[in-house]
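The values are calculated or read from the model by the stated rules, or taken from the named source; none is laboratory data. Predicted model only: the values in this text are computed from it and were never measured. Heads up, the Cβs are rebuilt from the backbone with ideal geometry, glycines too, and the neighbour counts pull from every protein chain shown. Please note that ligands, DNA and RNA were not included when accessible areas were found on the heavy atoms of the full protein model with its side chains. Shrake-Rupley method; radii C 1.70, N 1.55, O 1.52, S 1.80 Å.
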Amino acid sequence: MSFLENDRLKVEVSAFGAELHSIYNKSTGFEYLWHGDKSYWARRSPVLFPIVGKVWNGRMKYCGAEYALSQHGFARDCEFTKLDESQLSRLLLKKDGDVQKCGFVLCSNEETKKLYPFDFALYIIYCLIDNCLEKENQNWLKLIFLFLFLFSIFHVLLIFQKLFLPFVWHV
């Protein structure tokens, strides 16, 4: 468990799923997160990756292979690697003031490729600044997701071109 703390807030983050476990206001004694009662719902603030929602029948197909992918993906059920201070300094944008920070990374491996065939590095970084907790995902990940989205759109356009354009355009 990793802790971020200042005079106002105390935050607990687990490396399992890079999940927030507690955001506690020290002056009011108020806990902002669900306590994770296993008889109802054991999670608190799960990271949803690589999907939000479900794939049809819990399976996705890619390049002729089929992959079992559970609701909301698998990141919430994986042990992330904690980033050290030098890694965090390289990754974080310059922040002013007293900043408490902790970060985690989940990289693709043999186990994740059984569920999701793509290479990835998912960075989750928490920053505690005064009475504000920020969660950062790195911009280059957005570029990768944008690329995958555009790649998918490109495939849709190719399929559209092969299926419909021969009937529409007669040269």
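The table below lists the values:
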quantity: Any chance Lys61 is over 27 Å from Cys107 (Cα atoms) and either more than 22 Å from the chain's Cα centre (by Cα) or open to solvent by 30 Å² or more (accessible area, probe 1.4 Å) (or both); calculated: no
quantity: Subset of segment 108-130 (residues that are touching a strand residue (DSSP E or B) at 6+ places or on another chain (Cβ under 7 Å), hydroxyl-bearing (Ser, Thr, Tyr) and not in a strand (DSSP E or B)); calculated: Tyr116
quantity: Hits in segment 1-48 (condition: in a loop (DSSP other than H, G, I, E, B), farther than 15 Å from Phe80 by Cβ and in contact (Cβ under 8 Å) with a residue 60 or more places away in the chain); calculated: Asn6, Arg8
quantity: Condition met for Phe118 (over 24 Å from Ser14 (Cβ atoms), at pLDDT 50 or above and aromatic (Phe, Trp, Tyr)); calculated: yes
quantity: Residue within segment 58-69 that is more than 25 Å from Cys102 (Cβ to Cβ), touching a helix residue (DSSP H, G or I) at 6+ places or on another chain (Cβ under 8 Å) and part of a loop (DSSP other than H, G, I, E, B) present; calculated: yes
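Okay, residues lined up against (1) more than 28 Å from Met1 (Cβ to Cβ); (2) surrounded by 14 or more Cβ atoms within 10 Å (Cβ to Cβ); (3) among the hydroxyl-bearing types (Ser, Thr, Tyr):
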{"position": "Ser45", "(1), (2), (3)": "no, yes, yes"}
{"position": "Val52", "(1), (2), (3)": "no, no, no"}
{"position": "Trp56", "(1), (2), (3)": "yes, no, no"}
{"position": "Ser70", "(1), (2), (3)": "no, no, yes"}
{"position": "Gln87", "(1), (2), (3)": "no, yes, no"}
